[in-house]
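Below you'll find the structure, written out as structure tokens, and then a few comments.
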């Protein structure tokens, strides 16, 4: 009985979120989602509508909450790595990278040059893959359904490349503390080059389909306007923030993995609307391709994981003739490694914005606390502010434009 | 430490000398440990002082140090877009009644992170406009990310222990 009573009080609490007009029936309260294709997952929005105009939009999240942060505390640092893949399922390698950078900062691990270059290539390929899904799904929300099929066709090439390096299409766990799992295979570089030759032509096709398409422009221009100061106040980051003209990119502001050695532009648009965010992401495809090209030139032979045996497994060849290697091997795969006491915060630029990892070491082989600052969670906050006064159909365009992944919101 | 952060620390020290408990620089991450009662004053200074201009609240990270006291710590990560500087404010809260003033008046973006900290750790934010659970269901008992909250493995039901486990389940009973 106690549970039933609690639920009733919650409904009372929810009533305070809407205006008095909703109580009298002058405005309508409508539930959108969680099972709705245009919410990009399981997002529930409770809308108060005046006719077709949004008076208030209350996002309700948590349907995909899987307790990843709690689970990671119960695993060793290395075992917890596989949980990060499953957080933002369109940015698997980027999540691995953020978590590994946090461990490396906490433990003072030096990452070899070749591993850093491979990481940059992986992160940028992942960005392209994620943006392709964004382009396809957000265009489909605006009824351009053929774009979706084309984008998923192109993304398939990238998933093949990830399978080539990590053995899996999505949940690769390829980036490990201290470097990467193993060196890339010989066919990796030709495959990436083939993709870089293939993509620009396709992107030009999509631009022809959308950028000057009058229907698309009328659905996106002057829709979902958020001023630069409001965007910062609401905690937006990433491409959505840059669509409001604010020059903030973690790769520039706080370079990691050697991003300061690459030459790239941070695309900015000052439209502050859905169309501006679209333009920013379309330009980011080309910047990412430019970074990958430079990284392929920097790819020189060398080790791909640190040779500090406390933090990386010894190579197979050493196990036959070194007792020390056997001990390290055994300790690494059973007990894991211990991190010193302390708290670090590491930020990277995920395809959606600033992805941060706050890692607390307590001197044991298991993390004391792992907290992720996920960009979708913070970007979604701005939706209710952004959508006030627009139509329900525009709301769908806005959800697409802030590019949320519900796995990233709920963790 | 970059110049802007040094200037920030000096200014906070000059205006609120009693608020700073200590200054840390672990792994080159400048951290100000402040007294929880003065948090709002310092946030107002950092946010609205035109020379400091920490306009972006990046995150609020919450940690449980159980069984040590003070049990909880909150890390506010602040970023100045103008000066490209980042600083962390940390407050420490006791385990008995963890309570701190909400910073939603300074940054609107604090709303959801504070709800998350309330939901997961049971920290009460005084002055928050809409402090409800955000990730867990509204009728959930307890705060899952506390260290004394069990991870919750479920015992597997086999034929030999079917009835024993069944008797512990509270559903499908009269």
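Within region B:104-137, track down each residue that is under 24 Å from residue A:231 (Cα atoms), in a loop (DSSP other than H, G, I, E, B) and away from every other protein chain (no Cβ under 12 Å). Of everything in region B:104-137, those that are under 24 Å from residue A:231 (Cα atoms), in a loop (DSSP other than H, G, I, E, B) and away from every other protein chain (no Cβ under 12 Å) turn out to be B:127, B:128. The numbered conditions (1) more than 8 Å from every other protein chain (Cβ to nearest Cβ); (2) not in a loop (DSSP other than H, G, I, E, B) are all true for residue B:63 except (1).
Is one or more of the residues making up region A:87-109 surrounded by fewer than 22 Cβ atoms within 10 Å (Cβ to Cβ), touching a helix residue (DSSP H, G or I) at 6+ places or on another chain (Cβ under 8 Å) and closer than 20 Å to residue A:238 by Cα? Yes, because at least one residue in region A:87-109 is surrounded by fewer than 22 Cβ atoms within 10 Å (Cβ to Cβ), touching a helix residue (DSSP H, G or I) at 6+ places or on another chain (Cβ under 8 Å) and closer than 20 Å to residue A:238 by Cα. Apart from one condition, residue A:264 fits all of (1) more than 30 Å from residue A:398 (Cβ to Cβ); (2) touching a helix residue (DSSP H, G or I) at 6+ places or on another chain (Cβ under 9 Å); the exception is (1). Applying the condition of being in contact (Cβ under 8 Å) with a residue 60 or more places away in the chain and in contact with a helix residue (DSSP H, G or I) (Cβ under 8 Å, 6 or more places away or on another chain) to region B:55-78 and asking which residue is surrounded by the most Cβ atoms within 10 Å (Cβ to Cβ) yields B:64.
Within region A:167-180, can you find the residues that are at negative phi and in contact (Cβ under 8 Å) with a residue 40 or more places away in the chain?
Here is the first cut: in region A:167-180, the residues at negative phi are A:168-172, A:174-177, A:180.
Result: A:170, A:171, A:172, A:174, A:175, A:176, A:177, A:180.
Considering region B:74-93, the residues that are facing chain A (nearest Cβ under 8 Å) and within 16 Å of the chain's Cα centre (by Cα) include one that is farthest from residue B:3 (Cα to Cα), namely B:75.
Against the numbered list (1) in contact with a helix residue (DSSP H, G or I) (Cβ under 7 Å, 6 or more places away or on another chain); (2) farther than 30 Å from residue B:30 by Cβ, residue A:333 comes up short only at (1).
Among the residues of region A:21-34, those that are at pLDDT 80 or above and not in a strand (DSSP E or B) comprise A:26, A:27, A:34.
Looking at region B:1-50, which of its residues are part of a loop (DSSP other than H, G, I, E, B) and either over 18 Å from the mean Cα position of the chain (by Cα) or modelled with pLDDT under 85 (or both)?
At the first step, the residues of region B:1-50 found to be part of a loop (DSSP other than H, G, I, E, B) are B:1-2, B:16-19, B:27-28, B:35, B:49-50.
Result: B:1, B:2, B:16, B:17, B:18, B:19, B:27, B:28, B:49, B:50.
Can you name the residue in region A:400-411 that is within 10 Å of chain B (Cβ to nearest Cβ) and part of a helix (DSSP H, G or I) and is also farthest from residue A:232 (Cα to Cα) among such residues? Only one residue fits best here, namely A:410. Take residues that are within 13 Å of chain B (Cβ to nearest Cβ), within 24 Å of residue B:85 (Cα to Cα) and more than 21 Å from the chain's Cα centre (by Cα) and tell me which of the helices (runs of 4 or more DSSP H) falling wholly in region A:213-285 contain 1 or more. Those helices (runs of 4 or more DSSP H) span A:228-233. Filter region B:81-91 down to the residues that are surrounded by 19 or more Cβ atoms within 10 Å (Cβ to Cβ) and touching a helix residue (DSSP H, G or I) at 6+ places or on another chain (Cβ under 7 Å), then identify the one that is farthest from residue B:131 (Cα to Cα). Across region B:81-91, the extreme among qualifying residues is B:85.
Residues are listed down the side, and each one gets a yes or a no for (1) modelled with pLDDT of 90 or more; (2) closer than 30 Å to residue B:56 by Cβ; (3) assigned by TED's automatic domain parsing to the domain that holds residue A:288:
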{"position": "A:157", "(1), (2), (3)": "yes, no, yes"}
{"position": "A:161", "(1), (2), (3)": "yes, no, yes"}
{"position": "A:187", "(1), (2), (3)": "yes, no, yes"}
{"position": "A:194", "(1), (2), (3)": "yes, no, yes"}
{"position": "A:203", "(1), (2), (3)": "yes, no, yes"}
{"position": "A:210", "(1), (2), (3)": "no, no, yes"}
{"position": "A:213", "(1), (2), (3)": "no, no, yes"}
{"position": "A:237", "(1), (2), (3)": "yes, yes, yes"}
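Of all residues in region A:44-86, those that are within 27 Å of residue B:149 (Cα to Cα) and either assigned to a helix (DSSP H, G or I) or within 13 Å of chain B (Cβ to nearest Cβ) (or both) total 25.
Any chance region A:88-102 includes a residue that's within 14 Å of chain B (Cβ to nearest Cβ), modelled with pLDDT under 90 and part of a loop (DSSP other than H, G, I, E, B)? No. Could you check, for region A:73-82, whether at least one of its residues is surrounded by 24 or more Cβ atoms within 10 Å (Cβ to Cβ) and within 30 Å of residue B:130 (Cα to Cα)? Looking through region A:73-82, none of the residues is surrounded by 24 or more Cβ atoms within 10 Å (Cβ to Cβ) and within 30 Å of residue B:130 (Cα to Cα).
Condition (residue is surrounded by fewer than 17 Cβ atoms within 10 Å (Cβ to Cβ) and farther than 30 Å from residue A:108 by Cα) applied to region B:18-31: is it met by at least one residue? Among the residues of region B:18-31, at least one is surrounded by fewer than 17 Cβ atoms within 10 Å (Cβ to Cβ) and farther than 30 Å from residue A:108 by Cα, which makes the answer yes. When you look at residue B:96, is it assigned to a loop (DSSP other than H, G, I, E, B), more than 9 Å from chain A (Cβ to nearest Cβ) and in contact (Cβ under 8 Å) with a residue 60 or more places away in the chain, yes or no? No. Residues in region A:118-141 that are in contact with a helix residue (DSSP H, G or I) (Cβ under 6 Å, 6 or more places away or on another chain), under 21 Å from residue A:220 (Cβ atoms) and crowded, with 21+ Cβ neighbours inside 10 Å: A:131, A:132, A:135, A:136, A:138, A:139, A:141.
Would you check if residue B:164 is outside any loop (DSSP other than H, G, I, E, B), at the interface with chain A (Cβ under 10 Å from one of its Cβ atoms) and either out of contact with any strand residue (DSSP E or B) (no Cβ under 6 Å at 6 or more places or on another chain) or without any contact (Cβ under 8 Å) to a residue 40 or more places away in the chain (or both)? No: the conditions fail for residue B:164.
The values are calculated or read from the model by the stated rules, or taken from the named source; none is laboratory data. All figures in this text were calculated on a predicted structure; none of them were measured in a lab. Neighbour counts run over all protein chains shown; Cβ positions are idealised from the backbone, glycine included.
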